[in-house]
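The values are calculated or read from the model by the stated rules, or taken from the named source; none is laboratory data. Since the model is a prediction, treat every value here as computed from it, not as a measurement. FYI the Cβ positions are ideal-geometry reconstructions off the backbone, even for glycines, and counts take in every protein chain you see. Note: areas computed on protein heavy atoms with side chains; ligands, DNA, RNA excluded. Shrake-Rupley method; radii C 1.70, N 1.55, O 1.52, S 1.80 Å.
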Amino acid sequence: MAGDNDNAVEELLDGSLNRLGVDHADIYWIHNPADVQRWTPKLIPLMKSGKVKHVGVSNHNLDEIKLAASILAEEGLKISAVQNHYSLLYRSPEEAGIIDYCNENNIVFFSYMA
């Protein structure tokens, strides 16, 4: 099991890629918004190496999405997708400006619990 070191994300990804018998992930989803400043930089070498083609974030608020996007943008990379709870009854992503931000930045928005 990968430890809490700088290579932990890559080690976990490599294990998944090996088990799947592939050399890259089309999209790498980050489902936990905790500590965006810590995990986002770890995705940069994976994207630059081609092991990860696209990055998506899930359950992030607008500030967390913008922070992750700014960290990636410093390296010429971007978030490709956002996935959050959204339905006719639960409109928080719309009310918080997340959907507008996604539209303005060519980020695909996926809803769950629709």
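If I go through the range 75-98 residue by residue, how many of them are out of contact with any Pro (no Cβ under 9 Å at 6 or more places or on another chain) and either closer than 20 Å to Leu43 by Cα or of a type in the set (A, V, I, L, M, F, W, C) (or both)?
Initial filter on the range 75-98 (out of contact with any Pro (no Cβ under 9 Å at 6 or more places or on another chain)): 76-81, 83, 87-98.
Narrowing further to those that are either closer than 20 Å to Leu43 by Cα or of a type in the set (A, V, I, L, M, F, W, C) (or both): 76-81, 83, 88-89, 96, 98.
Residues meeting the conditions: 11.
Restricting attention to strands (runs of 3 or more DSSP E) lying wholly within the range 23-114, give those where 3 or more residues are touching a residue at least 24 places away in the same chain (Cβ under 8 Å) and open to solvent by 50 Å² or more (accessible area, probe 1.4 Å).
The strands (runs of 3 or more DSSP E) meeting that bar are 25-30, 108-112.
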